[in-house]
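**Student:** Would you mind keeping the following structure in view while I ask a few things?
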Amino acid sequence: MQSKVNMRTSRKPVARTRGETSIANVWRKHKEKYLLLLPFSVIFVVFTVIPVITSIVISFTSFNMLELPTFVGFGNYINLIVNDDVFLIAVKNTLFFALITGPISYIMCFVFSWLINELTPKVRAVMTLVFYAPSISGNAYLIWKLIFSSDMYGYSNAWLMKLGFISEPILWFDKKEYVFPILILVQLWLSLGVSFLAFIAGLQNVDRTLYEAGQIDGIRNRWQELWFITLPSMKPQLLFGAVMQITSSLSVSQISIELAGFPSVEYAGHTILTHLHDYGFIRYEMGYASAIATILFFIMVFTNIIVQKALRRVGV
């Protein structure tokens with residue numbers, strides 16, 4: 001009898017911890033999904049996570065790509081904030097640029113997508129291409145160079161002289177007061193990109209029965225319909241669009257370099273990313289450039305957190 005009890009007790013399964021059981025159950029139920037995510041996860045870790053961590057580590061060193069990095073602690077950050085006056089100008093320009101172009105471009109993306117969504121499918125496809133085309137035009141800067149050319153053959157100068165507003169050509173990119181407004185104008189023209197397409201897709205996927213239910217519940221106009229039905233149904237697209245618009249507005253550099261030159265007059269078009277371009281690709285001071293990139297990275301993360309918290313209150 002005792003031997004049978006011992007055999008039964010010996011066959012009793014070993015108790016597993018709650019964590020091990022839950023992990024095993026999750027893997028058993030969803031292993032196909034994780035296997036499908038594996039290729040993207042590997043690419044994301046190799047080409048995004050590891051470079052970001054490496055850049056943060058390098059930011060604490062002095063590294064010129066010819067010698068081994070030497071640890072300098074917070075020296076690069078102290079020099080950026082205390083001694084680098086151009087960096088402070090770049091931060092001011094970048095934040096001011098983002099505060100103007102970010103919200104305006106975000107609203108433009110949604111408003112235009114909302115209006116286009118009301119059109120017939122064929123007209124909607126054409127209008128989507130018309131609005132989206134500037135963001136994928138490789139030589140878009142050439143158009144604005146022609147418009148704001150500093151001689152009398154530039155379109156803006158030619159028309160202003162023809163209408164009698166000016167008597168001689170304006171040097172658009174040689175005067176500080178004109179550089180920043182032109183860059184904002186061009187950025188807004190280019191801003192209807194991926195966010196615009198995401199909003200159109202989100203509007204197309206809103207359940208139409210919700211509008212009928214809303215009318216029964218007391219919704220009487222399009223604005224109430226927009227706030228209580230459309231926007232809450234589009235929260236994933238709204239969050240995605242916010243991330244994309246914040247990233248694009250804080251990472252402006254190519255527009256400034258192509259139009260205003262590098263460096264721009266009195267650093268009027270100088271941004272954090274152009275400062276990074278200067279130290280990373282011209283001076284090859286990679287430790288200093290990594291410190292600039294790290295600061296820009298945390299500015300983007302902090303801004304995204306604030307915007308996402310605000311968007312979660314939509315429809316509340």
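**Student:** According to the square roots a ≥ b ≥ c of the eigenvalues of the Cα gyration tensor, what is the shape class of segment 60-132, taking rounded for a/c under 1.5, prolate for a/b larger than b/c otherwise, and oblate for the remainder?
**Tutor:** prolate
**Student:** Right, next: Would you indicate which of (i) 1.13; (ii) 1.05; (iii) 0.99 is the value of Rg/Rh (Cα atoms, Kirkwood Rh) derived from the coordinates of this structure?
**Tutor:** Given (i) 1.13; (ii) 1.05; (iii) 0.99, the structure-derived one carries the label (i).
**Student:** Evaluate 2.2 N^0.38 Å with N set to the residue count of segment 168-216, then give the Cα radius of gyration divided by it.
**Tutor:** The reported ratio for this selection is 2.16.
**Student:** Something else: Would you work out which of Ile246, Ser233, Ile305 lies farthest towards the positive end of the dipole of segment 205-316, given +1 charges on the beta-carbon of Lys and Arg and -1 on that of Asp and Glu, about the Cα centre?
**Tutor:** Ser233
**Student:** Further question on the same structure: Arranged from highest to lowest average of other beta-carbon atoms within 10 Å per residue, in what order do the peptides 290-302, 158-170, 23-35 appear?
**Tutor:** Descending mean neighbour count gives 290-302, 158-170, 23-35.
**Student:** Another one. 5 Å is the cut-off here: which amide hydrogens, built 1.01 Å from N in the peptide plane, fall below it relative to Gly269, excluding neighbours closer than 5 in sequence?
**Tutor:** The list, which skips near neighbours in sequence, is Ser264.
**Student:** Separate question: Using a 1.4 angstrom probe, figure out how much accessible area the chain has per residue, in square angstrom, rounded to the nearest whole.
**Tutor:** For the chain, the per-residue accessible area is 63 Å².
**Student:** Suppose each label sits 7 Å from its Cα in the direction of the beta carbon; what would the Phe40-Val194 distance come out to in nanometres?
**Tutor:** For Phe40 paired with Val194, the spin-label model returns 1.2 nm.
**Student:** Can you give the extra length, in nm with one decimal, that the chain gains between Glu266 and Ile50 once fully stretched, where that is 0.36 nm per residue apart less the Cα-Cα distance?
**Tutor:** 74.1 nm
**Student:** Through the Karplus equation 6.51 cos²θ - 1.76 cosθ + 1.60, θ set to phi - 60°, convert the phi angles of segment 188-202 into ³J(HN,Hα) values in whole Hz; use x for Gly and Pro.
**Tutor:** 5, 5, 8, 7, 7, x, 5, 4, 4, 5, 5, 5, 4, 4, x
**Student:** Kindly state, as a whole number, the per residue volume in cubic angstrom of the convex hull around the alpha carbon atoms of segment 197-240.
**Tutor:** Output value, Cα hull per residue: 59 Å³.
**Student:** Another question, if that's okay. Just how many % of Cα pairs in segment 37-166 lie over 21 Å apart, if you round to the nearest whole percent?
**Tutor:** Tail of P(r) above 21 Å: 74 percent of Cα pairs.
**Student:** Would you mind giving the three semi-axes, in whole Å and largest first, of the ellipsoid equivalent to segment 23-76 according to its Cα gyration tensor?
**Tutor:** Output for segment 23-76: semi-axes of 39, 12, 7 Å.
**Student:** Taking the dipole about the Cα centre of segment 183-316, with the C-beta of Lys and Arg at +1 and of Asp and Glu at -1, give me whichever of Ala268, Gly214, Val186 is farthest to the positive side.
**Tutor:** Checked the options; the winner is Gly214.
**Student:** When the dipole is taken about the Cα centre of the chain, and only Lys, Arg (+1) and Asp, Glu (-1) are charged at their Cβ, what size is it in debye, to the nearest 20?
**Tutor:** Around 2360 debye, computed over the chain.
**Student:** Continuing with this model, one more query. Among Leu183, Leu36, Leu171, which one moves the most in a GNM of the chain with springs linking Cα atoms closer than 10 Å?
**Tutor:** Leu36
**Student:** With +1 assigned to the C-beta of every Lys and Arg and -1 to the C-beta of every Asp and Glu, and no other charges, what is the dipole magnitude of segment 47-148 about the Cα centre in debye, to the nearest 20?
**Tutor:** For this selection, approximately 460 debye.
**Student:** Moving on. Hey, how many Å between the Cα centroid of segment 275-313 and the Cα centroid of segment 167-223?
**Tutor:** 24 Å
**Student:** To the nearest Å, what is the center-to-center distance of segment 20-53 and segment 68-85, using C-alpha atoms only?
**Tutor:** After rounding, the separation between the Cα centres reads 36 Å.
**Student:** To continue, here is another question. Output ³J(HN,Hα) for segment 153-161: one whole-Hz value per residue in order, computed from phi by the Karplus curve 6.51 cos²θ - 1.76 cosθ + 1.60 with θ = phi - 60°, and x for Gly and Pro.
**Tutor:** Whole-Hz 3J(HN,Hα) from phi for segment 153-161: 8, x, 4, 5, 5, 4, 5, 5, 5.
**Student:** Using the Karplus curve 6.51 cos²θ - 1.76 cosθ + 1.60 with θ = phi - 60°, what ³J(HN,Hα) values do you get for each residue of segment 237-252, in whole Hz, with x for Gly and Pro?
**Tutor:** 5, 5, 5, 4, x, 5, 4, 5, 5, 5, 4, 5, 6, 8, 10, 7
**Student:** Then there is this: Counting only protein heavy atoms, what percent of the accessible surface of segment 217-297 is carbon or sulfur at a 1.4 Å probe?
**Tutor:** After summing per-atom areas, the C and S share lands at 61 percent.
**Student:** Roll a 1.4 angstrom probe over the protein heavy atoms and tell me the percent of accessible area of segment 152-199 that is carbon or sulfur.
**Tutor:** Answer for segment 152-199 is 66 percent, counting heavy atoms of protein chains only.
The values are calculated or read from the model by the stated rules, or taken from the named source; none is laboratory data. Since the model is a prediction, treat every value here as computed from it, not as a measurement. Cβ: placed from backbone, ideal geometry, glycine included. Neighbour counts: every protein chain shown. Quick note on the areas: whole protein, heavy atoms, side chains included, nothing else; ligands and nucleic acids left out. Shrake-Rupley method; radii C 1.70, N 1.55, O 1.52, S 1.80 Å.
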